[in-house]
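J.: Got a structure here, written out as structure tokens. Questions coming.
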There are 2 protein chains.
Amino acid sequence: MNTTAATLSRLFSSIQADLDLVDKTFQERASSGLDILNSASMHALGSPGKRLRTAITLLAGKLKNYNIEKLLPLSVAYEMLHLATLIHDDIVDEAKTRRGQPTVNAVWGDKIAILLGDYYFAKTAGLIADIEDHRIDHLFSDTVATVCEGTILEMMTAGQIDLTIETYYEKIKHKTACLMAACSKGGATVCGASPEEIEQLYLYGLHLGVAFQIIDDILDYTQDQSTIGKPAGNDLRQGMVTLPLIYALQENASADRRQQIQHILGGQSQDEDEIRSVVDWVVQSDAINRSFEAAEEHGAKAREALYSFAPSSHRDILDELVDFVIVRNR
Amino acid sequence: MNTTAATLSRLFSSIQADLDLVDKTFQERASSGLDILNSASMHALGSPGKRLRTAITLLAGKLKNYNIEKLLPLSVAYEMLHLATLIHDDIVDEAKTRRGQPTVNAVWGDKIAILLGDYYFAKTAGLIADIEDHRIDHLFSDTVATVCEGTILEMMTAGQIDLTIETYYEKIKHKTACLMAACSKGGATVCGASPEEIEQLYLYGLHLGVAFQIIDDILDYTQDQSTIGKPAGNDLRQGMVTLPLIYALQENASADRRQQIQHILGGQSQDEDEIRSVVDWVVQSDAINRSFEAAEEHGAKAREALYSFAPSSHRDILDELVDFVIVRNR
């Protein structure tokens, strides 16, 4: 077991049984009468994440009147929604692998991948319906719409060397952080939290999600294929301008360097030596440090949102989760 | 105004104001903060259907305690879900036009089309949430899952010359009829129908939908581009085996003819003269008549489901709608 897995195992020990129950229920609810859907589904499930979304949902519930009957369909729904968006994202990004595994579109083709994503959306709606709470119905719909808007914003701003910090944050809030915010907000909602408490837990998830994405964007520059399952500089290769690049460009970019980056972002050059050169230039600048600082600022805001809750072991775990998200693989 | 439009205008006169309200609400609810979504959305909306689904939903409600506050979001949701599935279908089918208009994927590319479809799913879930009826939440989820399964079944059975009549019906029930059944069932549900009445209206929509699809499949052989906006023999060209072809093959197919059809279905031949020859062969057989008889049988079952309701002008319209679906463009 590596350090990451050991840390998560310790942090999640109080909810381990329910995390396993969520996994089991996911498998049951994802099944279909059609073999190909089951095969593609089992394939997609073969590369599990760190179950961070489920943990956030359950732990938010632990701060109030923990109700596993409601938290179970909610958690399964979030994991399924996340999987549906990954499957469609991989088509949009023409990704061939994710975490070292071939994507659904790589194995089964775009058509099956579109339909499997749609099928998961449908199943997610069924899980949400089981909760029988209209606030959750609206949270689900708003979350899916926001994630779609974030994905489109990402597409539309791809290749833009002059992407502003404001648009970067809008993009990651919509595309990534909003789902984590929905997890903590939803967990609180179904466990009897007050409107003020729900709002605080929403802010916790939102800022945690922003920090999470900034770290992901840093790792894309600092880590290589063996660690994160994709080559360093992947965002650059895909035309994605992220926080480290924005900071590096602010710092000291010669006209030649800007032109080189613009060519890579615009797809006119996919030369691996040039990409490597830009990655090294970003890593050697102060951009990585400044990006970590930005992640830490959002981490602090996530923690601040927890302070309206009475001290408890579960509040401590949510607090530690902020550290985990920020220091992972550093 | 052509005969079809004149007939519908007469049939729908009692619900015309609410049909217009559904259109207007659709436009409002489909809007986004992102320009490209609005442009693609307005484009997709530019080719309206016959509003058959909305009419079925509203008319089912007219049989009971007509409640436009619930029927409005429900009808908009069904039209939006239908549009979402069309947008994703057009990607899967690589369709360049629909009803003579370029498809979203043809104008904006597959990526935007995937995301616009997802965005509509999200918005549909929001409309369903507004109804605040858990039976409708489940009906929505089940309907989307069934439509996905139908689309996948269609894909998986494409090119199969030996498609059975049973599989053909399973495919069209899942892909097309289930949404019409959800319209009449949903309309009845939100207007206070009893479980027995809801079941009867479900059967009405299901059989009407089956008849509708059989007629569509007949028209694909008997009509040309100027009438239905796509060339005759399009299903054949796409590898789709439908009822007219199944009947024609049962009747009298030489080994040469079978081989010719197998080549077209499997994509080994896309020769327009060969496709024309197969279309003519099907049209000149008894297959078209037998397919009309099958559509009429389902039309009769749809009508039968109406007889448990007291006679009324609205029951008469639902009855006439069966004729309309079967005789359109004959």
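Laboratory data are not the source of any read-out in this text; all were calculated from the coordinates shown. Only a predicted model underlies this, so the values are computations on that prediction, with no experimental measurement involved. Positions of Cβ are backbone-derived with ideal geometry, glycine not excepted, and every protein chain shown enters the neighbour counts.
J.: Is segment B:95-186 rounded, prolate or oblate when judged by the Cα gyration tensor, a ≥ b ≥ c being the square roots of its eigenvalues, rounded requiring a/c under 1.5 and prolate requiring a/b larger than b/c?
T.: Verdict is oblate for segment B:95-186.
J.: How big is the dipole moment of the protein assembly as shown about its Cα centre under a simple scheme where the beta carbon of each Lys and Arg is +1, that of each Asp and Glu is -1, and everything else is neutral? Debye, nearest 20, please.
T.: The calculation lands at about 620 debye.
J.: Now, a different point. Under a 5 Å amide H to amide H cut-off, with H placed in plane at 1.01 Å, what residues pair with A:T97 once short-range neighbours are removed?
T.: Distant-sequence amide H within range of A:T97: A:T103.
J.: Going Cα to Cα from B:K70, which lysines come in below 21 Å? Please leave out same-chain ones fewer than 8 positions away.
T.: In chain and number order, the partners are B:K24, B:K62, B:K123, B:K185.
J.: Oh, and also: Put a dot 7 Å past each Cα toward the Cβ at B:Q223 and A:S313; how far apart are the dots in nm?
T.: It works out to 6.8 nm between the two label points.
J.: Pick out, from A:A182, A:I218, B:A232, the residue whose Cα sits farthest towards the positive end of the charge dipole of the protein assembly as shown, with +1 on the Cβ of Lys and Arg and -1 on the Cβ of Asp and Glu.
T.: Result: A:A182, furthest along the dipole toward the positive end.
J.: So for the pair A:T3, B:R10, with labels modelled 7 Å out along Cα→Cβ, what separation do we get in nm?
T.: 8.0
J.: Can you give the FRET efficiency to the nearest 0.05 for B:A300 and B:E170, using r as the Cβ-Cβ distance and R₀ = 22 Å? Show your work: numbers first, answer last.
T.: Numbers: r = 21 Å, r/R0 = 0.94.
Efficiency at R0 = 22 Å is approximately 0.60.
J.: Could you order the peptides B:63-73, A:19-29 from most to least packed, using the average number of other C-beta atoms within 10 Å per residue? Don't jump to the answer; show the numbers that get you there.
T.: Details: B:63-73: 18.6, A:19-29: 15.9.
Output ranking for B:63-73, A:19-29: B:63-73, A:19-29.
J.: Taking Cα atoms, how many degrees apart are the long axis of helix A:195-222 and the longest axis of chain A, rounded to 10 and kept between 0 and 90?
T.: 30
J.: Looking at the square roots a ≥ b ≥ c of the eigenvalues of the Cα gyration tensor of segment B:3-327, which shape do they give, rounded for a/c under 1.5, prolate if a/b is larger than b/c, or oblate?
T.: Values: a/c = 1.95, a/b = 1.34, b/c = 1.46.
Oblate, since a/c reaches 1.5 and b/c is not below a/b.
J.: Could you point to the residue in B:G100, B:Y120, B:L34 farthest towards the positive end of segment B:1-137's charge dipole, with +1 and -1 charges on the Cβ of Lys/Arg and Asp/Glu respectively?
T.: Of the options given, the answer is B:G100.
J.: If I fit a long axis through the Cα atoms of helix A:287-306 and take the longest principal axis of the Cα atoms of chain A, what angle between them do I get, 0 to 90°, rounded to 10?
T.: For helix A:287-306, the angle is close to 20 degrees.
J.: Sticking with this one: Explain nothing, just the number: relative contact order of chain A, from Cα pairs under 8 Å at least 6 residues apart, as a whole percent.
T.: Reported relative contact order: 19 percent.
J.: Let me ask you something else. Compute the signed sum of charges (Lys and Arg +1, Asp and Glu -1) over the other residues within less than 15 Å, Cβ to Cβ, of B:I152.
T.: Around B:I152, the surrounding residues sum to -3.
J.: In nm, to one decimal, how far is the B:E320 label point from the A:Q27 one, both placed 7 Å along Cα→Cβ?
T.: 5.7
J.: Hey, what angle do you get for helix A:16-29 against the long axis of chain A, alpha-carbon based, 0 to 90 degrees rounded to 10?
T.: 90
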